[in-house]
Amino acid sequence: MNKINLTYEELSLPKLYEKFSPDIFKYSFSILKHYEEAQDAVQEVFVKYAESEHSFKKECSQKTWLLIIARSYCYNKIKSKSFNSERIEDDAFEPSYTIDYETKMTIRDALLQLSEEHNELIYLKDYSGYSYKEISEITKLSVENVKIKLFRARMQLKKYLIDEL
Amino acid sequence: MKHYEFEISQFMDNELPADEQKNLFAHLSDCGECARVLSDFMNIKMGIKSVYDDMNVELKNSFAVIKAQEPVTKKRNVYKTMFYYTAAASVLFGFFLFFLEGNQSALEKKYLILLQERFNLQNKYTIVLNEKQQLTEMNKNYFDKTNLQTVKYKAPKNSYRIITTEKGSYKTVASINKKRLPPGFAQVSYTKITKDDFLIPQMIGN
C-alpha cells in the first residue's frame, strides 16, 4: 500500500509535475479510460493548477488539490459531446498482469467495464490508499457513500472476474 | 445466515471499527463463503495494484513544454500590469485635471486683465475723440470769432496786397502784380475772404 503523506509539504510546480504526473495520469485514465485523453488531462491539470495556484487555500495537500482538478477536468471531458463521439477502443494500454487463475476477462478489462465513478473509487482506495475521508474530500461524496460505492465496485469486479467463470 | 461482504470490504480498507472486526473474524471462522469473498477481494486488490503499477505512462510533454504553454502567469501578469498602468494613468489624469484647473484660472485672469485693458483703451479713445471734437468745435468757433473779412487794397505801386486783419493789425498775405491782373479786375478795391478759404486746406491736411 502506498504511504500517504498527510503532512503538508509545499512543492514547486516542476517538482510537483515530476512527482505526481504519473499518479494524475493513472487517476485520469481510471475515469476517462482512454490513454491519449489521460495524457492530455495531465497537461491540462498542471496548467489549471498553475492558473489556480493563487486560490489554493492549503486546506488539503497539493496532491489532493491536483486530483480534485483532474477529477473536475475528466468529468467535464466526459460530459462534452466531442469526447463521447470520438471515443474509440484504446489498444495502447497493455497490462502485463493477469489474474493467477484462468479468467476470460483480465482485471484491466474488468476495470474498463466499471463505471467511471466505481473505477475512480477503486483507483483511489486500492491503488493510492486514500482513506474514506480523503476520498470524500476529492470526490465530494459523503464517507458513507464512498463506503457503499466502493463495496459495490468490488462486488462488480468480483462478478466480472470470478463469478462469471 | 448473514454474510459479511460489506464489512469485509471495509476491513480491507482498514476502516472497520475494532469491535466489528471481532465479529467479522468470528464469522469468517465459520463461513467459508465469506472467507472466499475476502480472498477474492484481496486477489482483485493485488491485481488492481499490479495493473496500475505496470501501466506504461508516457506523457506527451515534459514540464518545460507545459510551462511554456502555461497561459496563467502571463494572464496574471497582464492583469497585474493592466492594473498598475490603469492606476498610474488615473493618478496622472488626476494631476492633469488639477493643473488644467489651475491653468484655466490663470487664463481667465489674463482674459479679465485684457478685457479691462480693452475697456480702458476704449474709454481713452472716447476721451480722445471727445477732445478732438471739442478742438474742432473750438477751431470752428475761433474762425467764427476772428475777423477775417477785410482785405484792404492798397496799391503803392503796380501791385495789390492781400492783407488779413486781426484785432486791428494788418498782415500781408500776398502781393499781386497789377499788370498781371486780367482786364477789369484792376477796379476791384478789395475782396472778401471767408473762413472756408482757410478751412478747406486744413481739412485736406487732416
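Values quoted throughout were computed directly from the atomic coordinates according to the rules given, and no laboratory measurement underlies them. All of these numbers come straight from a predicted model, not from anything done at the bench. Reconstructed Cβ throughout: ideal geometry from the backbone, glycine too, with neighbour counts over all protein chains shown.
Quick notes on this structure:
- With contacts taken as Cα pairs under 8 Å at a separation of at least 6 residues, region A:23-73 carries a relative contact order of 46 percent.
- Full extension of the chain between residue B:80 and residue B:116 gives 7.6 nm of extra length, using 0.36 nm per residue less the Cα-Cα distance.
- Note on A:32-40: average number of Cβ atoms from other chains within 10 Å of each residue's Cβ is 2.
- Remark: the residue B:96-residue B:134 segment gains 8.1 nm on full extension, using 0.36 nm per residue and subtracting the alpha carbon distance.
- The mean number of partner chain beta-carbon atoms within 10 angstrom of a residue's beta-carbon across peptide B:38-47 is 6.
- FRET efficiency, residue B:87 to residue A:55 (Cβ-Cβ, R0 30 Å, nearest 0.05): 0.85
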